[in-house]
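**Student:** Provided herewith is a single structure, encoded as structure tokens, for subsequent inquiry.
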Amino acid sequence: MNDFLPVRRIPAPDVERLDPGRIRAHAADGLAALLVDAVDGGASLGFLAPLDPAEAASWWREVADEAERGIREVWAAYGTGGEVLGAVTLVRTDRPNGRHRGEIARLIVHRAARGQGLGARLLATAEAHAAAEGLTLLILDTQTDSPAEALYRKAGWTPAGVIPDFAADPTGTLRPTTLYYKQLP
């Protein structure tokens, strides 16, 4: 007798760039639900659990404002039912000495879609866009020893160092953070 349940594979969703209007339109439902799921599932994304959906929606509306100003770009992946399965954001600096670089500030994958390559697809999409826009350096930070570290290392990111007690995880416990960079062709 087989004691293992079959793994439900989610069809590979399309990844699309969201303009500020689309971010605002989905802030209170799909994008907020994605962020709540990730934080409540233990992802260290700058929020404490349990994350109030209204707080998550407010953050996405702030992201839309940043997108309107050209500071942040957002890509999302939708499931067959229109649910948001993942998102990634790329933040640019407006400082003259840093216009060559960007930061992957959030990479979020819904728990139901993890382990199926969606995070890698979202990351690759943001990286390709950054390179096409002339950026030559990307940075990011992630909780040390988190599952995300394997994704970044596999995608060719280089660890630059660890900062102890950098940020609280969703439970409020201080954790170290690893800084990563990737030079783009």
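The values are calculated or read from the model by the stated rules, or taken from the named source; none is laboratory data. Everything numeric in this text was worked out from a predicted model, so none of it was measured. Calculation scope for accessible area: heavy atoms of the full protein, side chains included, ligands and nucleic acids excluded. Shrake-Rupley method; radii C 1.70, N 1.55, O 1.52, S 1.80 Å.
**Student:** If you roll a 1.4 angstrom probe over the protein chains with everything in place, what fraction of the accessible area of the range 108-185 belongs to carbon and sulfur, to the nearest %?
**Tutor:** On the way: 2290 of 4050 Å².
Whole-percent figure for carbon plus sulfur exposure: 56.
**Student:** Under the rule of -39500 (n - 2.57) per DSSP H run of 4 or more residues, summed and divided by the residues of the chain, what mean residue ellipticity at 222 nm is obtained, to the nearest 500 deg cm²/dmol? Could you put the intermediate results ahead of the total?
**Tutor:** Details: 5 runs with 55 residues, N = 185.
Counting only the DSSP helices, I get -9000 deg cm²/dmol.
**Student:** Still on this structure: Over the range 114-183, what per residue volume does the convex hull of the Cα atoms give, in whole Å³? It would help to have the intermediate numbers written out before the result.
**Tutor:** Numbers: hull volume 6.3 nm³, N = 70.
With only Cα atoms used, the range 114-183 gives 91 Å³ per residue.
**Student:** Pick out the long, greasy-scoring helices in the chain: whole DSSP H runs spanning 18 Å or more along their own axis by Cα, mean Kyte-Doolittle at least 0.5. Before the final figure, lay out the partial values.
**Tutor:** Values: long enough: 53-68 (23 Å, -0.81); 118-132 (21 Å, 0.78).
Span-like helices in the chain: 118-132.
**Student:** Here's a follow-up. Compute the relative contact order of the chain as a whole-number percentage, counting only Cα pairs closer than 8 Å that sit 6 or more residues apart in sequence. Present the calculation step by step, with values, prior to reporting the outcome.
**Tutor:** Details: 341 pairs, mean separation 38.5, N = 185.
Relative CO of the chain lands at 21 percent.
**Student:** Ok, one more. Under 10 Å, Cα contacts only: if you run a Gaussian network model on the chain, which one of ALA150, ALA56, ALA27 comes out with the highest mean-square fluctuation?
**Tutor:** Maximum fluctuation in the GNM of the chain, among the listed residues, is at ALA150.
**Student:** Hey, what D do you get for the chain in µm²/s if you plug the Kirkwood alpha-carbon radius into Stokes-Einstein at 4 °C and 1.567 mPa s?
**Tutor:** Values: Rh = 17.0 Å.
The estimated diffusion coefficient comes to 76 µm²/s.
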